[in-house]
Amino acid sequence: MGRELKRRGAPFRQPEWSALAMMEAPEVVGEVHRSFIQNGAQVITTNSYALVPFHIGQECFDAQAQLLADKAGKVAREAAILEGKQTLVAGSIPPLFGSYRADLYQPENAEKIASPLIKGLDQHIDVWLAETQSLIAESTAIYQQVKALGTNNKPFWVSFTLEDSEPTNVPKLRSGETVKDAVKAMAALNVDAILFNCSQPEVMEEALIAARTTLESLNVTGIQLGVYANAFPPTTKEATANDGLDELRDDLNFDVYTQLAEKWRHQGATLIGGCCGIGPEHINAISKHFHK
């Protein structure tokens, strides 16, 4: 979403990032949603990822977070209706204290940040998506808030971001916690889907294998698995998500990404898409591949 907004000339700067278009040009957000749907997306995600104090500042968050989340939900829903397709709207609940930085998590303040986003999005969405989660504790806290405040028992999807800056013996979250432990914790909550996102495509397959084998060992069925990778180079532990735009890899063309997506499907992924730097054209390619 953020990259597409910038590419289309929407208001865009750091630290507000994609939130700025939600404030000043929501019609462009709608255009981006529609572009993804037109290119085969069966799920679109609300543009609420940057509606946290980390990006928009505490004063703006206190005054506008719920209103902006409501607008993000409305714009996504309107795009799905205008395209006349059975497109699911996923309500994005982001890392509450900054992407990739499990060390910045503040359990005492999690509820204050999650609550207005949940309240604003709730009436417009089909599924909840806690995404780019680096830490099991934060994912659990978001799940609990959604169940406390959300209505109609909507499905809950959780998506973890993986350590990709250095080789690991086993797949890990950016917190250092293992994928195996994260999957066990989410299975205990009975989430509806476990995904991996905003990490290099090359680390996704091992994470899927770990997730699938863990669920099998627990004799748990009914939890979908998924992947939506980014197009970034390896992201360091000291990364800050609002200092500037990361460079994008130039080797992840549509064919390469589609080949990777096929590997993910082979390992059990039924929810496949794209994160930062993966645009409508990539979605078009994988959509055509999977619907030959």
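Candidates in region 102-135 are the residues that are among the polar types (S, T, N, Q) and touching a Ser or Thr at 6+ places or on another chain (Cβ under 9 Å); of these, the one that is surrounded by the fewest Cβ atoms within 10 Å (Cβ to Cβ) is Q123.
Kindly indicate the residue of region 205-220 that is assigned to a helix (DSSP H, G or I) and hydrophobic (A, V, I, L, M, F, W, C) and also surrounded by the fewest Cβ atoms within 10 Å (Cβ to Cβ) among those meeting that condition.
I209
When you scan region 265-292, how many residues do you find that are more than 24 Å from S99 (Cα to Cα), out of contact with any Ser or Thr (no Cβ under 7 Å at 6 or more places or on another chain) and in contact (Cβ under 8 Å) with a residue 24 or more places away in the chain? Qualifying residue count for the region: 10.
Output the residues belonging to region 126-145 that are assigned to a loop (DSSP other than H, G, I, E, B) and in contact with a helix residue (DSSP H, G or I) (Cβ under 6 Å, 6 or more places away or on another chain).
Once the filter is applied, which keeps residues that are assigned to a loop (DSSP other than H, G, I, E, B) and in contact with a helix residue (DSSP H, G or I) (Cβ under 6 Å, 6 or more places away or on another chain), region 126-145 yields S134, L135.
Being over 26 Å from S199 (Cα atoms) and either in contact with a Leu (Cβ under 8 Å, 6 or more places away or on another chain) or acidic (D, E) (or both) is true for just one of Q66, Q42, Q86, Q58. Which residue is that? When all the criteria are applied, what remains is Q66.
Counting the residues of region 79-114 that are small (G, A, S), touching a residue at least 12 places away in the same chain (Cβ under 8 Å) and out of contact with any helix residue (DSSP H, G or I) (no Cβ under 9 Å at 6 or more places or on another chain) gives 0. Note on region 43-101: among residues that are among the basic types (K, R) and part of a helix (DSSP H, G or I), the one that is surrounded by the most Cβ atoms within 10 Å (Cβ to Cβ) is K71. The selection criterion, being in contact (Cβ under 8 Å) with a residue 24 or more places away in the chain and over 16 Å from the mean Cα position of the chain (by Cα), does not hold for N47.
Results for (1) hydrophobic (A, V, I, L, M, F, W, C); (2) within 27 Å of L271 (Cα to Cα), shown as yes or no for each residue.
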{"residue": "G9", "(1), (2)": "no, no"}
{"residue": "Q42", "(1), (2)": "no, yes"}
{"residue": "T46", "(1), (2)": "no, yes"}
{"residue": "V52", "(1), (2)": "yes, yes"}
{"residue": "Q86", "(1), (2)": "no, yes"}
{"residue": "K112", "(1), (2)": "no, no"}
{"residue": "S115", "(1), (2)": "no, yes"}
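Only one entry of L252, L195 meets the criterion of being modelled with pLDDT under 90, among the hydrophobic types (A, V, I, L, M, F, W, C) and not in a helix (DSSP H, G or I), and that entry is L252.
The values are calculated or read from the model by the stated rules, or taken from the named source; none is laboratory data. Nothing here was measured: the structure is a model prediction, and the numbers come from that model. Cβ atoms come from the backbone with ideal geometry, glycine included; neighbour counts cover every protein chain shown.
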